[in-house]
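A.B. asks: Quick one: this structure, given as structure tokens, is what I'll be asking you about.
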């Protein structure tokens, strides 16, 4: 069935006559959906019958907007209740995908019914306000600025071996990886079993089995049909062994997987990732399996990352593609490459709020789980020996045999990160570092020395009190105090993360080099993020913890218990009361946290939430030890 379907309509085919031919000759495509992405990364899905689309195709192709209610998207203080109309304008310069519903078969053709997904831009009062346009404008800003810098500072290309007049076009190449957990619906995680399996490395790169294997293979086959060029799919570090039923099928499935695919231009790469997530969920659902893209779905077990790869190349007038980061073996990077890396490291405080914008995202960024915990990079022991240090924030991916593969890997994003904003802030931060390197005629040696600085060493760009490079295991080699002294303290809550936008207000000008990245957009993002954080803590986290506290019940027989059982239970009981039970004279930790949110006292809420997480961790450990000492439960 899938062999006879059309999956992608490339930008070359976005003409009236071609689209009319494609849609009339593929009657299984019944709907058209405009896909806009708000500031929280949510995508819209408005189904329009194909007949209406074809009747008004001229309007769609010439920028006439489809209107939607702004209350359905996250644009606080932009699309307000008294001014909520948002226009959706089709993007003609990207691939359009057909999303097939394999559960709904067209009676005439026998094919699954499809919806043509058209990425669009969201406009409010004739101004773009969406994540896709912010990325598009950021890339335009980067390209224009880099071209101007190269013209003024041609010596910056000497290490690459080209001249400014050799360049026809600057190319921005990006890619993402996708990790996710898959499980049997309603199964509850056994955290201790998962943690032990992870420590024993029982699952990393092992063979998938049963429906998990079939769904993974089907996903990769479909990705190929859509032109995503999948490179691999494999098990990740997390998971436990499934159980085999008497009928030969597996149940109690709980596994972590990863899929990778080929790079593209930045905006297309973000569009691809958005569609692939939906493809993954729907494919696994057809096999009775549930997929979660949460950054940290299970405490004390590996979370899911979505590493973002960032590159810059130049198409020359002779048709050759040259990587603007790559140089021969005498150095790690070109001047442009060093500057770009330093730009991200020096400005990560204003990047991070847009990347780790959910409570769950910050829970993933903990020591020991191959997720970055501080602002640091790794280059390698020498240019001839590239690094693949997996404990740092930004890695240099470099293959001496494949110059075009040289790029940066940003390891902090997760599958719920807004990929459009992640890439936008990354390239704008890169641009700041490139401006510093080229306008000051910095040599590769000078830039490498500054990047490799020790705390207290003064240079012109990077902070005096910080280090930015380590070739060691950041988790194991340094204590927490040493890490914070060398590389800075990471935010523990969404409030602390957003506060960096105030603490480093002068750096926001770096983002505002993109004329679309205005104070109004930044403020709207901030309001939406803090509101989502408060709602999640109040209505999800506290309710989850409430169940855990109530489930931590007394299990021992008072007449048969040992003195240790009684002592353990006494500590647990006191902690349960402190966390959740109010009295006439004293409020519980839950109630004080809710009160702080009700009064919009986010600083206090942040402090109380940190305490709550610590108390819940203590409670879980105490209760686990208490259970293990009982003979009969």
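What follows is calculated from the coordinates using simple rules that are stated; it is not laboratory data. Here the structure is a predicted model, which is why all the values come from computation and not from measurement. Cβ: placed from backbone, ideal geometry, glycine included. Neighbour counts: every protein chain shown.
A.B. asks: Over all pairs of distinct alpha carbons, what does the Kirkwood formula give as the hydrodynamic radius of the chain, in Å?
C.D. replies: When all Cα pairs of the chain are included, the Kirkwood radius is 26.7 Å.
A.B. asks: Just to verify a number: FRET efficiency for residue 109 and residue 58, C-beta to C-beta distance, R0 = 22 Å, to 0.05?
C.D. replies: 0.20
A.B. asks: Using 1/(1 + (r/R0)^6) with R0 = 25 angstrom and r between the beta carbons of residue 547 and residue 618, what's the FRET efficiency to the nearest 0.05?
C.D. replies: Working from the Cβ atoms, E equals 0.90.
A.B. asks: Now a separate question. How far apart, in nm, are the 7 Å Cα→Cβ label points at residue 24 and residue 125?
C.D. replies: Label at residue 24, label at residue 125, 4.3 nm between them.
A.B. asks: If neighbour count is taken as other Cβ atoms inside 10 Å, put 120, 374 in order from fewest to most.
C.D. replies: 374, 120
A.B. asks: Run the simple label-point estimate for residue 265 and residue 8 please: 7 Å along Cα→C-beta, distance reported in nm.
C.D. replies: 1.4 nm
A.B. asks: For 133, 578, 7, what's the fewest-to-most ordering of other Cβ within 10 Å of each Cβ?
C.D. replies: 578, 7, 133
A.B. asks: Just subtract the alpha-carbon distance of residue 463 and residue 231 from 0.36 nm times their residue separation and send over the number in nm, one decimal.
C.D. replies: Stretched fully, the residue 463-residue 231 segment lengthens by 79.6 nm.
A.B. asks: Let me ask something else about it. Apply the a/c threshold of 1.5 to the C-alpha gyration tensor of the stretch 451-606 and tell me whether it is rounded, prolate or oblate.
C.D. replies: oblate
A.B. asks: For residue 625 and residue 155, calculate 0.36 nm times their separation in residues minus their Cα-Cα distance, and state this gained length in nm to one decimal.
C.D. replies: Full extension of this stretch gives 162.7 nm more.
A.B. asks: Still on this structure: Could you tell me the convex hull volume per residue, in Å³, taken over the Cα atoms of the stretch 2-127?
C.D. replies: Cα-based convex hull of the stretch 2-127, divided per residue, equals 116 Å³.
A.B. asks: Sticking with the crude label model, points 7 Å out along Cα→Cβ, report the distance from residue 573 to residue 144 in nm, one decimal please.
C.D. replies: Inter-label distance under the simple model: 7.0 nm.
A.B. asks: Under the rule of -39500 (n - 2.57) per DSSP H run of 4 or more residues, summed and divided by the residues of the chain, what mean residue ellipticity at 222 nm is obtained, to the nearest 500 deg cm²/dmol?
C.D. replies: -12500 deg cm²/dmol
A.B. asks: With N residues in the stretch 531-628, what two-decimal value do you get for its Cα radius of gyration over 2.2 N^0.38 Å?
C.D. replies: Dividing the Cα radius of gyration by 2.2 N^0.38 Å gives 1.20.
A.B. asks: Right, another one. Defining a contact as two alpha carbons under 8 Å apart and six or more residues distant in sequence, what relative contact order in percent does the chain show?
C.D. replies: Reported as a whole number, the value is 12 percent.
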